[in-house]
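To start, the structure itself, in C-alpha cells.
The values are calculated or read from the model by the stated rules, or taken from the named source; none is laboratory data. Everything numeric in this text was worked out from a predicted model, so none of it was measured. Cβ sites come from the backbone with ideal geometry, for glycine too, and all protein chains shown count toward neighbours.
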Protein chains: 2
Amino acid sequence: MTDGMINRDDLDAANTALNAFTELDPDATSGEGPLADLTIGVKANIAVRGMKWTAGIEGFADRTAEQDAPAVAALREAGAAIIGTLNMEEAALGAKTDNPFFGATQNPHRIGYTPGGSSGGSGAAVAAGLCDAALGTDTMGSVRIPAAYCGIYGLKPTRGSVSQEGLEIVDPSLDSIGPLAQSLDVLDACSQVLVDGYDDSQVIDNIVLLDGLGGVECEPAVREGYEAATTACGADATLSLPHDLSRIRFAGFIMSSLGLSRELADMLATNPDGLSEQLRHLLTYGPKRGAGDLAEDRRILTEVSDALHSAIAPGTALLMPTAPQAAFPHADRAPANQADFTCLANIAGLPSVTIPSGMTADGLPVAVQLVGAAGNDAGVLARARELDAALAAFRRPELFVET
Amino acid sequence: MTDGMINRDDLDAANTALNAFTELDPDATSGEGPLADLTIGVKANIAVRGMKWTAGIEGFADRTAEQDAPAVAALREAGAAIIGTLNMEEAALGAKTDNPFFGATQNPHRIGYTPGGSSGGSGAAVAAGLCDAALGTDTMGSVRIPAAYCGIYGLKPTRGSVSQEGLEIVDPSLDSIGPLAQSLDVLDACSQVLVDGYDDSQVIDNIVLLDGLGGVECEPAVREGYEAATTACGADATLSLPHDLSRIRFAGFIMSSLGLSRELADMLATNPDGLSEQLRHLLTYGPKRGAGDLAEDRRILTEVSDALHSAIAPGTALLMPTAPQAAFPHADRAPANQADFTCLANIAGLPSVTIPSGMTADGLPVAVQLVGAAGNDAGVLARARELDAALAAFRRPELFVET
C-alpha cells in the first residue's frame, strides 16, 4: 500500500462520505506479483467476478459478473487486491457522476462538488486514498476528466490495446479501459500489466500544441497550468484542426448515443424503466439523427482522426489542458465543453496521460494531458513523468490526508 | 502524346464504339509544363470548366461546371490538354458503367464486356488510347477496378492528398480523386502534379500479404497473377483482418449509401426522377439501417482501419489482387465480391496502385495492387514499377493497337 492511504478498516466509513464504491470488499486478498502491494477498485461497467456488474444502470442492479474481465484478471494475476466496484455516470454517458439510482459521488477535494465522470467513483476513490489505483473507462474523456477534477493521474490507452471483453460498451471505436492512480509510478505499474505492447524504451522528443487551444474557453487556472506546462515542455509545432472542437465533440457524442442505444436495445425494448428518463433522452440523439447529418459527423471524425495521426508521429505528443474547467458543484449543469479536449484521443484511438497542472485560487485541481501516437502509451507516460517533475502540481485532498 | 494513341481526328469515331467520353473536345489546347504532351479525360463527377458536370446523373444532365475542380486545374496548369468528360456509373455507386441515362461503356479488350466502374469511361478511354491519362474517383475501388478490368495502371491517393472540391461526393471519408494511365511513367507524372506531399525519395522495403486472401474466391488467372507477384516481391509478413472481407465491404457500402443519400437529398426531395429507380433503391440502404447495425458497421470499419494502419508502416506495402475476377459481360450481374480487396485502402485512407498481373486464358486482363502507408503514394508507385518490370503483364487491347 502506498503512502497516505486509508486503512482498510476505515474504508467503509470513508466511503460513506464520498459514495465512491458501490460495492466494497475490504478483506480482498492480494496475490503475488508486481502489483501485490496495491488495492484496486473497478468501475462498475467492468466485470469483477462475484460482484455486481451494473454499469450504473438500475436495470442491471441485480446482475452479478460470473467472470473477471480480462483487464481485471490481469491485475489480479499481477497480485493486486480487487477491493470493490465504483460508482459511475449511468451507462457511462455523461461526466458528473450524479447517478439517478446509485447517488452522487463527491469530490474529495470539496464535498458537494462533482469528481467528474463518467469514472467519477474511480477518480474520487483514488484521490481520497480508498484504493491505490482504479480502473475507469474512457469514451470521450471519462478516465481523464475525473482524474483532472480529482487531482490525480490517468491513462487512456491506445485503442485496441486493452481487451474490451467484460466491458459494458458505449461505442467500441471510442471506448478504452484505463487506470487512474495517485502517482505515475503506480499508473506505470498498472499500465505495464494492462496495456498490450507497453514498451518502456519509448521516448517522446517533440511537442505539438493546439493552435489557439482550438478556440475553447478555459478557466484562468486551467490556462495558467497549461502555460506552465508549455514553458516546461517547449513546443516544436502547432496543429490546426479542420473543425471546431465543439462540433467534433458533438459528432463523438452522436456516435456514443448511437452505439449505446444499440448496446441497450434489449433493455429499451423490454424494461425501459431500467434506465432513467434522462438517459433514454440522450439515447435518442444518435438513432434520430438524419442520414445527412450522420454522414457529416462521420466526415468530421475521419478528418480529425487523420489530422491527429498526421500531426502526432511516433515520438511526438500533443499537449493540451485535460478539461477546460475545474470541478463544479453537483447542483450546476455540466459545461458543454467539458470533453472538448479529451475527445480527440478517443476519436483518433490514441493514448493520453493526464497529470495535475496546478490548483484554482480556491483550491481545486486542474490538469494537462499529453496525447501520443498509437502504441506510444509508455512513451507518453515517460514524458508525463518529466513534465510532472517540472510542474510538481499534485496535492492530496486535505479531507483525507492521514500521513 | 505517348505511343499507340488514337489520332485526335479519329477520336469521335473511336469513341462511338466504346462510349467512353460523354463529351469530347478533340481541339483542346495544351499549355506548357511537365504534362504538355498529354491529353487527359476527366470522369463526369469532377468539374471541368465549361463542360457538363453530370456525375452520370440524369438530373444533372444540364449542369455545366463554371470552374475547374482544383485537381483539373492542376493538370491544366501543368500543361495537359483536357479533352473531355468520361462516362461513369450513375452517381459513382456501382462498378459496371452501364449508365441508365448515358449508356454502357465498352471494355476495349472485348466489346460487350464491362470496363468496370464506377470510373469505367476513364478505364476504357485510357486503355483504348483515346487519351494519355484520365481522372477517376475511387470510393471503394472505382479507379482501381476499371484499371484492372481494362489492363492499365491506376492510383488511389492517400485520403486528403487531393482536394475534393469540385467533386460530386459519395462519402468524403472514402472518396479519392486519382489518375489512370497506360504506363507508370504517365501515372507518376500525373501523380506528381495531383498529390500533395508526393515524395519521389520514398522506398518500400517490406511486403505484407493478406492471410489466405481473406477467404475471397478469385478466378484462376487472378490467383496466378497474384502468385507471380508474390514470387517477384517476396513476403515479410501476413495480415489477418478482424472481419470477413464481404462484411467489411458491406459496411463500406452502407456508408457510401448513407453519404450519397445526403449529397443527393435535394434531388431525392425535388426531382426523384432525375435518379434511376435502381439508384434510389441503393440509396435506401444507408438511411434505413438501424442504429445498432450502423454502430456495428462503424466498429468494423474502425477495427479494420486500425489493423491496416498497424500492419502497413511507412516503407511497407500490402500486396493483393485488385479485383477477384476479370471483366464480365455487361449482360451479367456484377459479382458481389468485386470490391472486397479494393475497399480496404478506402476504409483506411491509404494509397494504392494497381498494375496488370496477367491475362485470362481468353485474353482479359487481371491485376494486383499495392497498398502503402498514408502519404507513401510515391513509394508505392516506385515499388509498383519494380513489380511491373518483373511481371511485364501489360498488353494493349488488340482492337485499338495502331503502333
Residue A:173 passes all but one of the listed conditions (1) surrounded by fewer than 22 Cβ atoms within 10 Å (Cβ to Cβ); (2) under 21 Å from residue A:309 (Cβ atoms); (3) at pLDDT below 95; the exception is number (1)
Please verify whether residue A:46 is buried (at least 24 other Cβ atoms within 10 Å of the Cβ) and either within 30 Å of residue A:282 (Cβ to Cβ) or over 20 Å from the mean Cα position of the chain (by Cα) (or both), treating the condition exactly as stated. yes
Of the candidates B:334, B:313, the one satisfying the condition of being closer than 18 Å to residue B:159 by Cβ, more than 9 Å from chain A (Cβ to nearest Cβ) and not in a helix (DSSP H, G or I) is B:313
Of those in region B:272-303 that are surrounded by 15 or more Cβ atoms within 10 Å (Cβ to Cβ) and not in a helix (DSSP H, G or I), the residue farthest from the other protein chains (Cβ to nearest Cβ) is B:276
Practice problem: Report yes if residue B:306 is among the charged types (D, E, K, R), within 14 Å of chain A (Cβ to nearest Cβ), in a helix (DSSP H, G or I) and closer than 30 Å to residue B:62 by Cα, otherwise no. | Solution: no
Among residues of region A:316-331 being under 30 Å from residue A:204 (Cα atoms) and outside any loop (DSSP other than H, G, I, E, B), the residue farthest from the other protein chains (Cβ to nearest Cβ) is A:321
**Asked** Among the residues of region B:61-69, is there at least one that is of a type in the set (Ser, Thr, Tyr) and closer than 26 Å to residue B:256 by Cβ?
**Response** no
Filtering region A:164-181 for residues that are closer than 23 Å to residue A:51 by Cβ and under 16 Å from the mean Cα position of the chain (by Cα) leaves a count of 12
Open item on the list: If I filter region B:103-117 for residues that are surrounded by 24 or more Cβ atoms within 10 Å (Cβ to Cβ) and hydrophobic (A, V, I, L, M, F, W, C), do I get at least one hit?
Closed with: no
### Message
When you scan region A:162-170, do you find a residue that is at pLDDT 95 or above, in contact with a Leu (Cβ under 8 Å, 6 or more places away or on another chain) and small (Gly, Ala, Ser), even just one?
### Response
no
All conditions in (1) touching a residue at least 60 places away in the same chain (Cβ under 8 Å); (2) over 17 Å from residue A:21 (Cβ atoms) are true of residue A:76 except (1)
Among B:129, B:141, B:197, B:214, the single one that is in contact (Cβ under 8 Å) with a residue 60 or more places away in the chain, on the phi > 0 side of the Ramachandran plot and assigned to a helix (DSSP H, G or I) is B:214
Those residues of region A:182-194 which are more than 19 Å from residue A:44 (Cβ to Cβ) and not in a loop (DSSP other than H, G, I, E, B) amount to A:184, A:185, A:186, A:187, A:188, A:189, A:191, A:192, A:193
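Condition check ((1) farther than 19 Å from residue B:206 by Cβ; (2) hydrophobic (A, V, I, L, M, F, W, C)) across all residues:
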{"residue": "B:356", "(1), (2)": "yes, no"}
{"residue": "B:376", "(1), (2)": "no, no"}
{"residue": "B:390", "(1), (2)": "no, yes"}
{"residue": "B:394", "(1), (2)": "yes, yes"}
{"residue": "B:399", "(1), (2)": "yes, yes"}
All-but-one check, residue A:269 against (1) surrounded by fewer than 17 Cβ atoms within 10 Å (Cβ to Cβ); (2) part of a helix (DSSP H, G or I); (3) within 14 Å of chain B (Cβ to nearest Cβ); (4) in contact with an Asp or Glu (Cβ under 7 Å, 6 or more places away or on another chain), failing number (4)
Note on region B:249-266: residues more than 14 Å from chain A (Cβ to nearest Cβ) and surrounded by fewer than 22 Cβ atoms within 10 Å (Cβ to Cβ) are B:250
Residue set A:90, A:66; condition under 15 Å from the mean Cα position of the chain (by Cα) and either of a type in the set (Asp, Glu) or surrounded by fewer than 24 Cβ atoms within 10 Å (Cβ to Cβ) (or both); output residue A:90
In region B:152-177, anything touching a strand residue (DSSP E or B) at 6+ places or on another chain (Cβ under 9 Å), in a loop (DSSP other than H, G, I, E, B) and not hydrophobic (A, V, I, L, M, F, W, C) is listed as B:157, B:158, B:159, B:160, B:161, B:163, B:164, B:166, B:168, B:175
Just one listed residue, out of B:192, B:182, is surrounded by 24 or more Cβ atoms within 10 Å (Cβ to Cβ), more than 14 Å from chain A (Cβ to nearest Cβ) and of a type in the set (S, T, N, Q), and it is B:182
Flagged in region B:235-277 as touching a Pro at 6+ places or on another chain (Cβ under 8 Å) and modelled with pLDDT of 95 or more, in numbering order, are B:257, B:276
Discussion item. Quick check on residue A:351: is it under 21 Å from the mean Cα position of the chain (by Cα), touching a residue at least 24 places away in the same chain (Cβ under 8 Å) and surrounded by 22 or more Cβ atoms within 10 Å (Cβ to Cβ)?
Written reply: yes
Flagged in region A:345-393 as in a loop (DSSP other than H, G, I, E, B) and either small (Gly, Ala, Ser) or not assigned by TED's automatic domain parsing to the domain that holds residue A:323 (or both), in numbering order, are A:349, A:361, A:363, A:373, A:374, A:375, A:392, A:393
